[in-house]
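All of the numbers you see were taken from the coordinates with simple rules; none came from a lab. Note that the structure is a prediction, hence the values are computed from the model and not measured. Glycine gets a Cβ as well: all are built from the backbone with ideal geometry, and neighbour counts include every protein chain shown.
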Amino acid sequence: MNYEVRKLRRRELKAAAVDLGERVGVMNDAVGKNNSKGAPYSPAIRVDSKDALLFVSGQLPLNHGSGEIESTSVGGQTKVAMNNALAIAEAHGAGVHDVVKVGIFTTKLDESSSINESYLSVMGEHRPARLLVEVSALPRQALVEIEMVVRVRD
């Protein structure tokens, strides 16, 4: 693809994204409308380049005191792993409203309603972009592992 075609294509994609509509959030922008009513995520998040991004590696539902997996339910493990990832974000001066994207890996996709319930109990009304995917196994036989991308303001 030559430069002019790529430039035109980029403009068309940007116009299409704007046509979807825009919801201003605590982030800089949550762009687009969810097709799923009540979905616990935004289809896209735009972050201004002046902000730094913190990439939080996948967190297991570990009790950091004992080093053991906490909870045997997928919902309980989701809440613990979310809080572990947020603790790292908070150590860098960010909070729940600075979360840009959450990646959730689970061995129990059939229990996604429990995952969503626990996720929402931690995230409140904030709706970052999100990935939920089933995997065959996770370290230490965990049911959930969670990673985050977090905006850190200068």
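If you stretched the chain out fully between residue 141 and residue 49, how much longer would it get, using 0.36 nm times the residue separation minus the C-alpha to C-alpha distance? Mind showing how you got there, number by number?
Details: separation 92, 0.36 × 92 = 33.12 nm, distance 3.80 nm.
Value of the extension gain: 29.3 nm.
Less than 14 Å Cβ to Cβ from residue 92, Lys/Arg counted +1 and Asp/Glu -1: what total charge do the surrounding residues give? Provide the component values of the computation, followed by the final result.
Values: positive: 151, 153; negative: 51, 90, 98, 154.
Net charge around residue 92: -2.
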